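**Student:** The structure is given below, and queries will be raised subsequently.
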Amino acid sequence: MIDEKINSKERDYDKEPIVIEDYNPLFLALYALSFVPIVLLIYIYNPGGTSEESLFRNMVIIVPTLMYPFFVGYFKSRGKRKIVLNSQSISFLHKKQILEQINVDNITDVRRTYRDLYHKSQYENTLGKFLSLIFSPLAILTHSLLIINKFIFHIYKDGIKSYRFYDAIMIFEEDKFINILPTTLEEYKKIKEYLKLKQSVDIEKCKTFLNLSHLHEKIKLEGCKMTKNDKIHPRG
């Protein structure tokens, strides 16, 4: 457990907000990409054999079609998404456009998670949830690949010291939520201090959040509210 003291002099989060780069779309892209070696392994080791026509169809048509929406979401968001925590709100931004915003005083729940769900447009409908239950082996594969990818990601970003199984924090305001993924131990400490100061919440004592699966994002950037330039500070 990480135990640090809150600074005696309270940080002014309006002048110096916490800024966290959002990497959640990356893991959906990596999951989609992982089907390429899986298809190749099936072709190589399938006892019954797989025709070259079938391999071509999978690699050129089926897999790219399935991968497309996940890669579109990733390349659309790559290097443009940030979570900004200031005195009154927590905002999920695409460049300077607000995709979601939560009033700190109206937070209804805080959860720990390892999932990469980051926008309510990804929630599955009733049919999707039913299909997830039917194809539960695929859900198990999805979760396993996500855990492996996240472990490698954290080692790459900050070494083993920053890795936690429940590495993300989900902040809820009724049906809205923002998924914050700290990529370093320092970022995690800052968010922990922020929530303890603003909501008297200890992240490490929060309940966990789990969903079987989710869809690619369906975020429409047109019409998103613009933020003020002085609310985004380069320092984290």
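The values are calculated or read from the model by the stated rules, or taken from the named source; none is laboratory data. All figures in this text were calculated on a predicted structure; none of them were measured in a lab. Here Cβ is always computed from backbone atoms with ideal geometry, including for glycine, and neighbour counts include all displayed protein chains.
**Student:** Considering only region 187-221, state which residues are without any contact (Cβ under 8 Å) to a residue 40 or more places away in the chain and closer than 19 Å to Asn86 by Cα.
**Tutor:** Passing the criteria: Ser200, Asp202.
**Student:** Taking region 175-204 on its own, how many of its residues are assigned to a loop (DSSP other than H, G, I, E, B), out of contact with any Phe, Trp or Tyr (no Cβ under 9 Å at 6 or more places or on another chain) and at pLDDT 90 or above?
**Tutor:** So the answer is 4.
**Student:** Among Phe165, Phe151, which is more than 23 Å from Ile90 (Cα to Cα) and in a helix (DSSP H, G or I)?
**Tutor:** Just one listed residue meets the conditions, Phe151.
**Student:** So, one more: Within region 94-120, restricting attention to residues that are surrounded by 19 or more Cβ atoms within 10 Å (Cβ to Cβ) and among the acidic types (Asp, Glu), which residue is farthest from Glu174 (Cα to Cα)?
**Tutor:** Checking each candidate, the answer is Asp116.
**Student:** What number of residues in region 178-193 are more than 24 Å from Ile140 (Cα to Cα) and touching a helix residue (DSSP H, G or I) at 6+ places or on another chain (Cβ under 9 Å)?
**Tutor:** Number of matching residues: 9.
**Student:** What tally of residues in region 198-213 results from selecting those that are more than 13 Å from Met170 (Cα to Cα) and of a type in the set (A, V, I, L, M, F, W, C)?
**Tutor:** Total satisfying the criteria: 1.
**Student:** Testing Thr126 on (1) free of Cβ contacts under 8 Å to residues at least 60 places away in the same chain; (2) touching a helix residue (DSSP H, G or I) at 6+ places or on another chain (Cβ under 8 Å); (3) not aliphatic (A, V, I, L, M), one condition comes back false. Which one is that?
**Tutor:** (2)
**Student:** Name the single residue, out of those in region 205-234 being modelled with pLDDT under 80 and β-branched (Val, Ile, Thr), that is farthest from His119 (Cα to Cα).
**Tutor:** Applying the filter and picking the extreme gives Ile232.
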